[in-house]
Amino acid sequence: MKVTVLGLLAVWLLTACHTPTKEKSKENAPYLVVLSMDGFRWDYSNMYNTPNLDSIARVGVKAKSLIPSFPSKTFPNHYTIATGLYPEHHGIVLNTFTDPAIGDYKLSDRKAVQNPDFYLGEPIWVTAENQGLRTACYYWPGSEAPIKGVYPSIWKKYDATVTYENRIDSVFSWLQLPSGIRPHLILWYFDEPDHIGHLEGPFAKDTKTTVERLDSLVGVFCHKINQLPNADSINLVFLSDHGMGQITKDKSIALAEYLHEDWVESIRGGNPLVMLKPFEQYTDTVWSVLSSIPHMKVYSKETMPDSFHYTESNRILDYVCVADSAYALFWKNTHFVNGGTHGYDPSDTDVHAIFYGSGPALKEGYVSESFPNVDLYPLFARILNLEPAETDGSLAEVESVLKN
Ligand code: AMP
Ligand code: ZN
Ligand code: ZN
C-alpha cells in the first residue's frame with residue numbers, strides 16, 4: 001500500500017500541534033486493522049507469488065516469522081494473539097478441551113464458544129472498549145463471548161460461508177462509519193489457507209493457488225483502504241496463527257495401537273497432538289508405553305519443556321503427546337490421507353506464521369527477527385495508545401517495528 005511520507009508528516013503535525021479535548025482525542029486515536037489468514041505458513045511468500053504482501057513489507061514491516069504458542073492450533077493461538085497470554089494462562093488450551101467445573105469446549109459448539117467463563121485474561125478489544133475505543137471483530141476466536149462482561153462494539157456469529165469479498169466490504173464499510181462510531185480496532189479472519197493446507201499439504205498446487213488468491217484479496221483490500229480520506233491514520237496488519245507441516249501416510253502414529261482404551265479415562269486433541277488422562281492404576285503403564293513410541297514425545301507436567309508454557313491449567317490433561325516434525329499422530333487413524341497439519345513444537349519452523357504491517361506507527365522497509373505471538377498484544381496496545389493489561393509478552397522484542 002502507498003502511504004506517502006508527506007501525508008504522514010501532515011497527519012503527525014496536525015495531531016501534534018494542538019491539545020485535543022478528551023472526546024476529540026478518541027476520535028483522533030490511531031486505527032489498527034488486523035487480518036488473520038489461518039495457517040499462512042511463514043515461507044509461503046518465498047514459495048509462491050505474493051506481490052501484495054511483498055509490497056507491504058517494502059513500505060512497512062515484516063517479521064522473518066511469527067512464532068506460535070504451544071500448541072500451534074487455531075483457537076489457542078488466536079486467543080494468545082488477542083490477550084498476550086500463553087494458552088496455560090488464557091485457558092483456551094486446545095480447540096477442544098474440558099474444564100472440570102464448566103464442561104466441554106469445542107469450536108462447533110456455539111453455546112461453549114459464547115460462554116465467557118471459558119476465556120481468561122483480557123483480549124485487546126476489551127482493553128480498548130474499556131478505555132473508550134470502539135472495536136469490531138469479524139470472527140476472531142473469543143469475540144462471541146462477553147469476556148469480563150464486554151463484547152466488541154461490532155461482532156458476528158461465525159459463519160464460514162460468508163465470502164471473503166463480503167468480509168472485505170463489511171470491514172471497509174465499518175471504516176467509513178461516522179467518526180464517533182467508527183471502530184478504531186478491527187480484528188478479522190479468513191479460514192484459508194489452513195483448510196487447503198490440511199487437505200493437500202503446504203507444497204500442493206491448490207495451496208499455491210489459494211495463497212495467491214489470498215494475496216490478491218490483500219491487494220484489493222489495501223487498494224480500498226487507500227481510497228479512504230483517513231488512509232494515513234490506519235495501520236494494517238496481516239498475520240497468521242500458525243504454519244502448516246507436510247505429513248504423509250507412511251509417517252503416522254495411532255496411539256490406540258499401543259494403549260488399551262480401558263487404561264485411559266479421557267482423551268482430547270487430534271493430529272499431531274493428543275493429550276490424555278490415564279486411570280490412576282495405569283499411570284505408570286501408560287507413561288512407559290507412550291515413552292517407548294518412536295517419532296513422538298510424551299510430556300507430563302513435570303517434564304514439559306519450559307518453552308511450551310503448558311502446565312498451569314487444569315484443562316491440560318496428565319500426558320501430552322506431540323508428534324515429531326513431519327509425523328502425524330492420532331488416537332485412532334481411521335481416514336488419514338496425505339496432507340498437512342499443525343500443532344507441533346513452536347520451534348519447528350514448519351508451524352511458524354506470518355507478520356506483515358504498514359501504516360503510520362510502523363517503520364518502512366524493515367524486516368524484524370522472528371518474535372513470539374505473545375508480544376502482539378503489547379504491540380497493538382502501544383499502536384492504539386492503550387494502557388495494556390498484564391501479559392506474558394513484552395514490547396522489547398517487537399518494538400523495533402515501531403517508528404520512533
Ligand atoms: P484447526 O485447523 O483445527 O486448528 O482449526 C481451524 C478451523 O477453526 C477453521 O477451519 C474453522 O472451521 C474453525 N474456526 C476458526 N474460527 C472460528 C470461530 N470463530 N468459530 C468457530 N470455528 C472457527
Ligand atoms: Zn489455524
Ligand atoms: Zn488447521
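Between 0 and 90 degrees, rounded to the nearest ten: what's the tilt of helix 74-83 against the longest Cα principal axis of the chain?
Approximately 40 degrees, to the nearest 10.
Pull out the extension gain between K26 and Q131, defined as 0.36 nm times the separation in residues minus the alpha carbon to alpha carbon distance; nm, one decimal.
36.9 nm
Specify the residue with the greatest mean-square fluctuation among S108, S45, S143, computed from a Gaussian network of the chain linking alpha-carbon atoms under 10 Å apart.
With Cα springs under 10 Å in the chain, the top fluctuation among S108, S45, S143 is at S108.
To the nearest 0.05, what FRET efficiency results for D169 and T209 with a Förster distance of 25 Å applied to their C-beta separation?
Calculated value: 0.65.
Let me know the charge dipole size of the chain about its Cα centre in debye, to the nearest 20, where only the beta-carbon of Lys, Arg (+1) and Asp, Glu (-1) is charged.
1400
Rg and Dmax of segment 249-337, Cα atoms, in Å?
Gyration radius and largest Cα-Cα distance of segment 249-337: 12.5, 36 Å.
Name the residues of segment 311-351 whose amide N is less than 12 Å from a point 7 angstrom out from the Cα of H295 along the C-beta direction?
Output list for this probe position: 323-330.
Which of the residue pairs K64/K156; K277/K332; K205/K332; K148/K277; K26/K157 have a Cα-Cα distance greater than 23 Å in the structure shown?
K64/K156; K205/K332; K148/K277; K26/K157
I'd like to know which of F75, F172, A353 lies farthest towards the positive end of the charge dipole of the chain, counting +1 on Cβ of Lys and Arg and -1 on Cβ of Asp and Glu.
Sorting the options by dipole projection puts first F172.
I'd like to know which of A204, W287, L317 lies farthest towards the positive end of the charge dipole of the chain, counting +1 on Cβ of Lys and Arg and -1 on Cβ of Asp and Glu.
A204
Going through segment 256-309, which chymotrypsin sites (Phe, Trp or Tyr not before Pro) have at most 14 other Cβ atoms within 10 Å and a DSSP loop state?
Of the chymotrypsin sites (Phe, Trp or Tyr not before Pro), the ones in loops of segment 256-309 whose Cβ has at most 14 other Cβ atoms within 10 Å are Y258, F279.
Within straight cross-link reach of K111, meaning Cα distance under 12 Å, which aspartates and glutamates are found once same-chain residues fewer than 8 apart are removed?
E144
How far is helix 164-174 tilted off the main Cα axis of the chain, in degrees rounded to 10, range 0 to 90?
Compared with the principal axis, the helix lies near 40 degrees.
So if we plug the beta-carbon distance of E261 and W287 into 1/(1 + (r/R0)^6) with R0 = 22 Å, what FRET efficiency do we get, rounded to 0.05?
About 0.85, to the nearest 0.05.
Pick from V320, V237, V286: which residue has the top mean-square fluctuation in a GNM of the chain where Cα pairs under 10 Å get a spring?
V286
Given R₀ = 51 Å, FRET efficiency for N230-K148 by Cβ-Cβ distance, to 0.05?
0.95
For the chain, what mean projected area does the convex hull of the alpha carbons give, in nm²?
So the Cα hull casts an average projection of 19.1 nm².
Could you list the residues of segment 90-131 with an amide nitrogen less than 12 Å from a label point located 7 Å from the Cα of K157 in the Cα-to-C-beta direction?
Backbone N within reach: 110-111, 114.
Only Cα pairs within less than 10 Å get springs; with that Gaussian network setup on the chain, which residue of A328, A353, A145 has the largest fluctuation?
Maximum among the listed residues: A145.
Can you give the local net charge around L185? Use residues other than it whose beta-carbon is closer than 13 angstrom to its beta-carbon, Lys and Arg +1, Asp and Glu -1.
Spelling it out: positives minus negatives among the neighbours equals +3.
Relative to the longest principal Cα axis of the chain, at what angle does helix 5-16 sit, 0 to 90 degrees, rounded to 10?
Compared with the principal axis, the helix lies near 80 degrees.
Taking 8 Å as the Cα distance limit and 6 or more residues as the minimum spacing, I'd like the relative contact order of the chain as a percentage.
31
Normalising by the residue count of segment 249-337, find the relative contact order in percent from Cα pairs under 8 Å and 6+ residues apart.
Relative CO of segment 249-337 lands at 43 percent.
What is the magnitude of the charge dipole of segment 249-337 about its Cα centre, with +1 placed on the Cβ of each Lys and Arg, -1 on the Cβ of each Asp and Glu, and no other charges, expressed in debye to the nearest 20?
That gives segment 249-337 a dipole magnitude of about 360 debye.
Given the Cα-Cα distance of E280 and N385 and 0.36 nm per residue of separation, how much length would full extension add, in nm?
32.7 nm
Quick one: of the DSSP bridges fully inside segment 249-337, what percent are antiparallel, nearest 5?
80
Work through the residues other than T135 whose Cβ is under 12 Å from its Cβ and net out their charges, Lys, Arg +1 and Asp, Glu -1.
My count for the surroundings of T135 gives +1.
Bear in mind that the values in this text are calculations on the coordinates, not laboratory data. Please read these numbers as outputs of a predicted model, since none were measured by experiment. Glycine also receives a Cβ, built like all others from the backbone with ideal geometry; neighbour counts cover every protein chain displayed.
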